[in-house]
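Heads up, the thing below is written out as structure tokens.
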Amino acid sequence: MECKEVQKLITKYIAKDMNDKELEHFLNHIENCKECYEELEINYTIYAALMQLDDNPGASYDMSAMLLEQLKASKKYIIRKKAFEQFKNALYTAAMVALIIVVIIQIRLWI
Ligand SMILES: [Zn+2]
């Protein structure tokens with residue numbers, strides 16, 4: 001993904017309005033590109049500040065730390081999602097095999 005593309009996705013990331021594929025590419029880029037990370041941090045800070053005006057006036061938070069937390073959570077989500085996909089595929093294969101065995105047994109019982 002190119003910087004231009006990534007920077008277009010920043011607001012989507014902050015709004016958590018991204019599909020998993022986008023999220024994965026986005027995170028990979030952000031981890032390795034200082035420029036885009038800074039862009040994200042600026043946008044996130046503004047967004048978080050605006051949200052806090054609504055939620056909790058007067059509270060102060062460390063926006064950089066909050067962003068790091070969110071990025072960590074996103075990364076974990078992607079890793080878990082991938083593990084889950086693999087698990088699901090394995091399970092699906094096992095289910096298909098079981099189904100075929102059941103069908104074969106049924107056919108033999110009928111014949
Ligand atoms: Zn970049």
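The values are calculated or read from the model by the stated rules, or taken from the named source; none is laboratory data. Note that the structure is predicted; figures quoted are calculated from it, not measured. Cβ: placed from backbone, ideal geometry, glycine included. Neighbour counts: every protein chain shown. For accessibility, only protein heavy atoms count, side chains too; no ligands or nucleic acids. Shrake-Rupley method; radii C 1.70, N 1.55, O 1.52, S 1.80 Å.
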Practice item. Check the range 83-106 and report whether any residue there is among the aromatic types (Phe, Trp, Tyr), at pLDDT below 95, within 30 Å of residue 5 (Cβ to Cβ) and surrounded by 10 or more Cβ atoms within 10 Å (Cβ to Cβ). Key: yes
Review point. When only residues in the range 1-46 that are within 15 Å of the ligand (Cβ to nearest atom) and part of a loop (DSSP other than H, G, I, E, B) count, which is surrounded by the fewest Cβ atoms within 10 Å (Cβ to Cβ)?
Key: 2
Review point. What residue, among those in the range 47-65 that are part of a helix (DSSP H, G or I) and open to solvent by less than 60 Å² (accessible area, probe 1.4 Å), is modelled with the lowest pLDDT?
Key: 52
